[in-house]
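Please treat every number below as a calculation from the coordinates, not as lab data. Remember, predicted model here, so these are calculated numbers, not experimental data. Here the Cβ is made from the backbone with ideal geometry for all residues, glycine too, and neighbour counts use every protein chain on show.
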């Protein structure tokens, strides 16, 4: 099953926010608490709190960032 192209921006936001929240919450949880007992549960909790915020940020800023990149790069 393929997703219609009109949903590409939303799919991009979903996948980009998933990847960013996954990596960043793991890293920040590790920096703050180390790999001590309960790391996975703290990480999962942080991930599910951060992912919606990351999704909103990507939806709000991806277009603007693309426009800035287009202006800063050679055509």
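Note on the chain: with a GNM built from Cα contacts shorter than 10 Å, the maximum mean-square fluctuation among 21, 36, 62 falls on 36. Considering the chain as a Gaussian network with a 10 Å cut-off on Cα pairs, which listed residue, 51, 43, 30, attains the greatest mean-square fluctuation? Top of the fluctuation ranking is 30.
With neighbour counts taken as other beta-carbon atoms within 10 Å, the residues 42, 66, 2 rank, fewest first, as 2, 66, 42. The angle between the Cα long axis of helix 8-33 and the main principal axis of the chain comes to about 30°, on a 0 to 90 degree scale. Fewest neighbouring Cβ atoms within 10 Å first, the residues 64, 45 line up as 64, 45. So how far, in whole Å, is the C-alpha centre of the range 2-20 from the one of the range 44-65? Each part's Cα centre sits 12 Å from the other's.
Look at the alpha carbon pairs under 8 Å that are at least 6 residues apart: their mean separation over the length of the range 9-72 gives a relative contact order of 47 percent.
Calculated from DSSP H runs of 4 or more alone, at -39500 (n - 2.57) each and per residue, what is the 222 nm mean residue ellipticity of the chain, nearest 500? It lands at -29000 deg cm²/dmol.
Taking only the C-alpha atoms of the chain, Rg followed by Dmax gives 15.9, 52 Å. Helix 39-72 and the longest principal axis of the Cα set of the chain meet at an angle near 20°.
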